[in-house]
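The values are calculated or read from the model by the stated rules, or taken from the named source; none is laboratory data. Note that this is a predicted model, so its numbers are computed, not measured. Note: ideal-geometry Cβ built from the backbone for every residue, glycine included; neighbour counts use all protein chains shown. Side chains are part of the model used for accessible areas, which takes the heavy atoms of the whole protein and leaves out ligands, DNA and RNA. Shrake-Rupley method; radii C 1.70, N 1.55, O 1.52, S 1.80 Å.
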Amino acid sequence: MKPEEILAEALRVVREGGTILYPTDTVWGLGCDATNAAAVARIFEIKQRADSKSLVLLASDLDMVAKYVKEIPSIAVDLVEVNDAPMTIIYPGAICSETGDKWHLAASCVAADGTVGIRIPLAPWCQQLVFKLGRPLVSTSANISGEPTPQRFSDIPQEIKDAVDFVVPPSVDTASTGRASQILKVGLRGEIEIIRK
């Protein structure tokens with residue numbers, strides 16, 4: 001398949017409520033439409049992970065982030081503008097619902113305190129995927145919960161590959177670093193907490 005055909009197929013699967021295995025700007029991830037509660041539940045099932053743990057999401061830009069959080073702290077805008085490495089920001093005030101629809105995140109994507117972790121990916125293919133989807137994409141590491149995070153496609157367990165609806169071919173991966181992103185939690189009054197460097 002050509003890159004544009006792979007992108008089109010990944011989009012089709014996600015739009016129809018399916019799950020994908022795909023390369024991000026950090027590690028290979030499991031993904032689905034973050035506004036589709038049933039698809040998000042399937043991701044938890046594939047990872048054998050308790051749904052009490054929130055998920056990292058990908059957004060194409062701050063305009064998309066603004067649709068899913070009540071307010072973007074000004075410090076987050078500054079961080080995004082100067083960022084040149086994968087960075088996940090935990091925002092307060094996620095907009096979610098139990099059933100999910102394209103204007104609300106699935107409730108299981110959001111932490112108990114109402115925050116949500118969102119990253120704007122630096123990898124072009126991944127950024128295109130999220131931009132064309134038009135809403136946030138789940139991005140959680142492609143491993144069974146509690147097992148090591150796979151550094152490369154070849155490290156991903158076969159049971160994960162078999163469980164998703166579409167596997168993006170490894171040939172598309174040109175930007176995964178194999179390392180997790182830094183994580184910063186921000187507050188509306190300019191507070192910053194470093195969760196992971």
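Selection of the range 173-197 for residues being in contact with a Phe, Trp or Tyr (Cβ under 8 Å, 6 or more places away or on another chain) and more than 22 Å from CYS126 (Cα to Cα) yields only VAL186.
The rows are residues; the columns are (1) open to solvent by 10 Å² or more (accessible area, probe 1.4 Å); (2) assigned to a helix (DSSP H, G or I); (3) touching a residue at least 40 places away in the same chain (Cβ under 8 Å); (4) touching a helix residue (DSSP H, G or I) at 6+ places or on another chain (Cβ under 6 Å).
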site: TRP125; (1), (2), (3), (4): yes, yes, yes, yes
site: LYS132; (1), (2), (3), (4): yes, yes, yes, yes
site: SER154; (1), (2), (3), (4): yes, yes, no, no
site: ASP162; (1), (2), (3), (4): yes, yes, no, no
site: SER171; (1), (2), (3), (4): yes, yes, no, no
site: THR177; (1), (2), (3), (4): yes, no, yes, no
site: GLY190; (1), (2), (3), (4): yes, no, yes, yes
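One residue alone among SER141, SER108 is hydroxyl-bearing (Ser, Thr, Tyr), touching a helix residue (DSSP H, G or I) at 6+ places or on another chain (Cβ under 6 Å) and open to solvent by less than 70 Å² (accessible area, probe 1.4 Å), and that residue is SER108. Note on the range 84-101: among residues that are among the β-branched types (Val, Ile, Thr) and under 20 Å from ILE195 (Cβ atoms), the one that is most open to solvent (accessible area, probe 1.4 Å) is ILE90.
Condition test on GLU81, is it closer than 22 Å to THR24 by Cβ and surrounded by fewer than 20 Cβ atoms within 10 Å (Cβ to Cβ)? Yes; evaluated as a whole, the condition is true for this residue. Here MET64 passes the criteria (1) under 17 Å from ILE183 (Cβ atoms); (2) in contact (Cβ under 8 Å) with a residue 40 or more places away in the chain except the one numbered (1). Scanning the range 53-71 for residues that are assigned to a loop (DSSP other than H, G, I, E, B) and either under 12 Å from the mean Cα position of the chain (by Cα) or farther than 13 Å from THR115 by Cβ (or both) yields SER54, LEU55, ALA59, SER60, ASP61.
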